[in-house]
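Only one structure is covered here, and it is reproduced in the block below.
Just so you know, all these numbers are worked out from the coordinates, no wet-lab data involved. All of these numbers come straight from a predicted model, not from anything done at the bench. Heads up, the Cβs are rebuilt from the backbone with ideal geometry, glycines too, and the neighbour counts pull from every protein chain shown.
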Amino acid sequence: MEIARSLFFFILAGLCEIGGGYLMWLWLRDGRAAWFALLGALVLAIYGIIPTFQPASFGRVYAAYGGIFIVLSILWGWQIDKVMPDRFDLLGGLVALFGVAIIMYWPRG
């Protein structure tokens, strides 16, 4: 159950970081209204809070989060930007998830 809770917070943090960044992107790159930037900044601030609910230390959480971020970014690009991941994206994402599993969930003595 602790792993499921941890993965939930990783995914939530990833969606907030990518979503907040994407709102800023839309504001700056696509000329959207200023409220996109304000909402993006709020979502990014929430992203900064979410990892504090993880059961590990800061360095370990952020190292493992990098792997989750990689996979979520590939999925975001596929679903939102309509860029189909290729086999190297998928392989890289799989390697990143193995890293997450080792860093966060491998039994320690």
For ARG32, residues with placed amide H under 5 Å, excluding near neighbours = TRP27
query = Which whole-Hz couplings ³J(HN,Hα) result when phi for each residue of the range 47-60 is put into the Karplus expression 6.51 cos²θ - 1.76 cosθ + 1.60, θ = phi - 60°, listed in order with x for Gly and Pro?
reply = 4, x, 8, 4, x, 5, 8, 6, x, 10, 6, 3, x, 5
ask   = When Kirkwood radius over Cα pairs in Å is calculated directly from the model, which label among (i) 14.8; (ii) 14.0; (iii) 15.5 fits?
value = (i)
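Please identify every one of the trypsin sites (Lys or Arg not before Pro) in the range 23-109 that sits in a loop by DSSP and has no more than 14 other beta carbons within 10 Å of its own beta carbon. Working shown, then result.
Details: sites: ARG29, ARG32, ARG60, LYS82, ARG87, ARG108; in loops: ARG32, LYS82, ARG108.
Listed in order of number, the matching sites are LYS82, ARG108.
In what sequence do VAL83, VAL100 fall when counting other Cβ within 10 Å, fewest first? Could you put the intermediate results ahead of the total?
On the way: VAL83 12, VAL100 21.
Going from sparsest to densest Cβ surroundings: VAL83, VAL100.
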key: Karplus 3J(HN,Hα) series, Hz, for the range 67-80 with 6.51 cos²θ - 1.76 cosθ + 1.60 (x for Gly, Pro)   = x, 5, 4, 4, 5, 5, 5, 4, 5, 4, x, 5, 7, 8
ask   = How large is the helix-only mean residue ellipticity at 222 nm for the chain, computed as the sum of -39500 (n - 2.57) over DSSP H runs with n ≥ 4, divided by its residue count, in deg cm²/dmol to the nearest 500?
value = -25500 deg cm²/dmol
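Could you rank the peptides 21-27, 50-56 by their average count of other C-beta atoms within 10 Å per residue, with the highest value first? Mind dumping the intermediate values first?
Details: 21-27: 17.3, 50-56: 15.1.
Ranked by mean Cβ neighbours within 10 Å, highest first: 21-27, 50-56.
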